[in-house]
Amino acid sequence: MRDLLAGVTQFQKDTFPQKKSRFAELAGGQSPEALFITCSDSRVNPELFTNSEPGEIFVIRNAGNIVGRKGEADLGMAATIEYAVKALKVPQIIVCGHAKCGAMQGLMSPEALTTLPEVGKWVSLSKSALEDASGDPNNDRLTQLIEANIRLQLRNLMTFPAVAEAVGAGKLRLHGWLYDFETGEVTVVAPDTFQFTEPNVRIA
């Protein structure tokens, strides 16, 4: 097992001095470019694949990048969305799913979650995505479900009054991404078709 504290020591010795001025600047406050909602999966590192610096993305992570509708979302999710939109005034929210998502595999095969009842209850918030995950001969069933879940969470975000108000005022945009950690590729939801396509938006 790798010694994580040794990693902290290396960070303090090598990385922190290089970014010291940035952290000093951030001590005065943050103004992130996006609220980034993604999965807790250890293979997904949003700061890495967006090439982001400290202070640039405000991140929520949970199993399956699930938002849930207002009232069914957990308190931590609801509070973080509210803070990002109303206090930090982020200009965009990105819901980012990923290839081979275990949470979506569990949603697709609930019998595999009999020993993980809390996980089963959590992923069941996305059960309506199962109805949307069909009809694409170019993708396997799991990929279709991952895509459908991203689209569902974008719709769920609009049930939060702060989000709907900011979107309606043109102050906030919602994006859906799918990250493949095996290839490094990211596809995005096209606003006109709601299908996944090559990206045309990147975080600065």
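Observations on the structure shown:
- Single condition Leu75 does not satisfy, out of (1) touching a residue at least 24 places away in the same chain (Cβ under 8 Å); (2) of a type outside the set (S, T, N, Q); (3) over 22 Å from Trp177 (Cα atoms): (1)
- Taken over the range 155-173, the residue count meeting the criterion of being out of contact with any Lys or Arg (no Cβ under 6 Å at 6 or more places or on another chain) and either free of Cβ contacts under 8 Å to residues at least 40 places away in the same chain or buried (at least 20 other Cβ atoms within 10 Å of the Cβ) (or both) is 12.
- Tallying residues that are assigned to a helix (DSSP H, G or I) and either at pLDDT below 95 or farther than 16 Å from Ala34 by Cα (or both) within the range 154-163 yields 3.
- For the range 16-33, the criterion of a residue being modelled with pLDDT of 95 or more, in contact with a helix residue (DSSP H, G or I) (Cβ under 9 Å, 6 or more places away or on another chain) and of a type in the set (Gly, Ala, Ser) is satisfied by no position.
- Residue that is nearest to Arg43 (Cα to Cα), among those in the range 92-132 that are in contact with a Pro (Cβ under 9 Å, 6 or more places away or on another chain) and surrounded by 16 or more Cβ atoms within 10 Å (Cβ to Cβ): Cys96
- Any chance Leu107 is within 14 Å of Phe36 (Cβ to Cβ) and more than 16 Å from the chain's Cα centre (by Cα): no
- The residue list Phe16, Phe49, Phe58 contains one member that is under 22 Å from Thr143 (Cα atoms), aromatic (Phe, Trp, Tyr) and surrounded by 12 or more Cβ atoms within 10 Å (Cβ to Cβ), which is Phe49.
- Residues that are of a type in the set (Lys, Arg) and in a helix (DSSP H, G or I) were ranked within the range 19-46; the one that is surrounded by the fewest Cβ atoms within 10 Å (Cβ to Cβ) is Lys20.
- A search for C-beta distances below 9 Å between a residue of the range 13-36 that is without any contact (Cβ under 8 Å) to a residue 24 or more places away in the chain and any residue that is assigned to a helix (DSSP H, G or I), counting only pairs 6+ apart in sequence or on different chains, returns Phe16/Phe23.
- Just one residue in the set Lys121, Lys171, Lys100 is more than 13 Å from the chain's Cα centre (by Cα) and at positive phi; that residue is Lys100.
The values are calculated or read from the model by the stated rules, or taken from the named source; none is laboratory data. All figures in this text were calculated on a predicted structure; none of them were measured in a lab. Positions of Cβ are backbone-derived with ideal geometry, glycine not excepted, and every protein chain shown enters the neighbour counts.
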